[in-house]
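Enquirer: Structure below; questions to follow.
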Amino acid sequence: MIHSMITRVRYAETDQMGVVHHGNYALYFEMARIEWLRQIGVSYKEMEESGVILPVVNMTTNYHYPLEYDDQITITTRLVKLPTASMVFHFEIFNENKKLCSSAEVTLVFLDHQSRKPMRCPVELFELIKTVAA
């Protein structure tokens, strides 16, 4: 399942050169990932409140073309495979001219909030994702 969200580059996200600072891409990916989960009916907040957290353990980002202040951007999010003890997402960011500006792969692991120990994807979430992905 691919989810797309549209947002606009804010002035505060740019650097002295007038382009989006590389550190802000992680924020874009996080926004898109939370919206992907929301689209399939999962509240990230409720998941955390139930004792499951999903920290990022790896992020590989490729920068293809600069984003600038006030660009309208589309971020696509795709789950790479069904989750186990981790989830892997692929992201692409396009500018308003549909030019690919960035792509990334982000890996998150399921952790028990209290113990901080790895765990498998909660059954309810796995079943929901499996149903949506079918």
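Values in this text are rule-based calculations from the coordinates and carry no lab data. Remember, it's a predicted structure, so these values are computed and weren't measured experimentally. With ideal geometry, Cβ positions are generated from the backbone for all residues, glycine too; neighbour counts draw on all protein chains shown.
Enquirer: Across the stretch 1-53, which residue is surrounded by the most Cβ atoms within 10 Å (Cβ to Cβ) among those that are assigned to a loop (DSSP other than H, G, I, E, B) and touching a strand residue (DSSP E or B) at 6+ places or on another chain (Cβ under 9 Å)?
Expert: Across the stretch 1-53, the extreme among qualifying residues is VAL9.
Enquirer: I've got another one for you. Looking only at the stretch 88-134, which residues are surrounded by 12 or more Cβ atoms within 10 Å (Cβ to Cβ), free of Cβ contacts under 8 Å to residues at least 24 places away in the same chain and not acidic (Asp, Glu)?
Expert: VAL88, HIS90, PHE94
Enquirer: What tally of residues in the stretch 60-87 results from selecting those that are hydrophobic (A, V, I, L, M, F, W, C), surrounded by fewer than 16 Cβ atoms within 10 Å (Cβ to Cβ) and in a strand (DSSP E or B)?
Expert: Residues flagged as hydrophobic (A, V, I, L, M, F, W, C), surrounded by fewer than 16 Cβ atoms within 10 Å (Cβ to Cβ) and in a strand (DSSP E or B) within the stretch 60-87 amount to 0.
Enquirer: Let me ask something else about it. Can you name every residue in the stretch 43-57 that is under 14 Å from the mean Cα position of the chain (by Cα) and touching a residue at least 24 places away in the same chain (Cβ under 8 Å)?
Expert: LEU54, PRO55, VAL56, VAL57
Enquirer: Check THR84, THR61 and return the single one that is within 29 Å of VAL123 (Cβ to Cβ) and either under 14 Å from the mean Cα position of the chain (by Cα) or in contact (Cβ under 8 Å) with a residue 24 or more places away in the chain (or both).
Expert: THR84
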